[in-house]
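Report on one structure; see the data block that follows.
The values are calculated or read from the model by the stated rules, or taken from the named source; none is laboratory data. Predicted model, so just to flag it, every value in this text is computed and none were measured. Note: ideal-geometry Cβ built from the backbone for every residue, glycine included; neighbour counts use all protein chains shown.
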Amino acid sequence: HERPAGPFRLHLVRDFRIIRRIPNIRSLMYLAFIQTFTYLGTSAIISVFALQLLARQGIHSGPQVDYWVGVVTLAFTVASAASVPVWGRLLDRFGPSRTLSVSLLAAALASLPTALVQSPLQLCGARALLGLAAIGIGPSLLAIIKRYAPQGMESRVLAYAAAFGSLGIGGGPLIAGGIGPLLGLRTFFALNSVLLLIGFGLWVRAVTRGAAADPWREAAP
């Protein structure tokens, strides 16, 4: 790290103008949003959904409720942690662009079973599957943003991405609270899959259109 020359000054408008000219920046910010939407934005909603599944089985209180809500959360986090080394290996082998595309598509497909489950046990399996697939989005996206960022502005670009990520954390409960009472939480989880598919399409289109001008696009291994 090299300390910048001169006193500290804020140039918010200038920085924004520079950042908005970064190739594919809109797609990257959308992906930062959907990544946290999938991970953190659904955390509170999945607990409510588990309670609904338990209520259908006549279980409204007691140790079983606490147990299943905890297990559903644990299944997602343990599966994510277990698959991190695999995604790290893929990232080193194939590069961030290809790894991001695969993880987005895998997460979109893995998100669908959550909208179809009928029991807490099935919900645990669906969440574990999503955790296995979606954990590759974060590291790949981070690597791509750092490569796209102008030299000396890496932290500022990552800060903008973090801001969009914060919107994803709050966007999950907000959207679920809006459509859940009308269409049910299954619709919310189906929407999550659709948003991931949109992210996959946006990224593939962005890379395809900018291939000739992509200085970091990986060569075939």
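Points to keep in mind about this one:
- Among residues of segment 145-168, those that are crowded, with 18+ Cβ neighbours inside 10 Å and either in contact with a His (Cβ under 6 Å, 6 or more places away or on another chain) or of a type in the set (A, V, I, L, M) (or both), counted: 4
- Residues in segment 80-97 that are of a type outside the set (D, E, K, R) and loosely packed, with under 13 Cβ neighbours inside 10 Å: A81, P85, V86.
- Taking each residue of segment 24-47 that is within 17 Å of S101 (Cα to Cα) and touching a residue at least 40 places away in the same chain (Cβ under 8 Å) and looking for partners that are not small (G, A, S) and not in a helix (DSSP H, G or I) with beta-carbon atoms closer than 8 Å, six or more apart or interchain, yields L28/I22.
- Of residues in segment 98-144 being within 15 Å of L74 (Cα to Cα) and of a type in the set (A, V, I, L, M), the one surrounded by the most Cβ atoms within 10 Å (Cβ to Cβ): L130
- The residue that is modelled with the lowest pLDDT, counting only those in segment 165-221 that are within 30 Å of D92 (Cα to Cα) and of a type in the set (S, T, Y), is T208.
- Criterion (in contact with a helix residue (DSSP H, G or I) (Cβ under 6 Å, 6 or more places away or on another chain) and assigned to a helix (DSSP H, G or I)) met by exactly one of L182, L167: L167
- Some residue of segment 52-75 being modelled with pLDDT of 90 or more and under 24 Å from A161 (Cβ atoms): no
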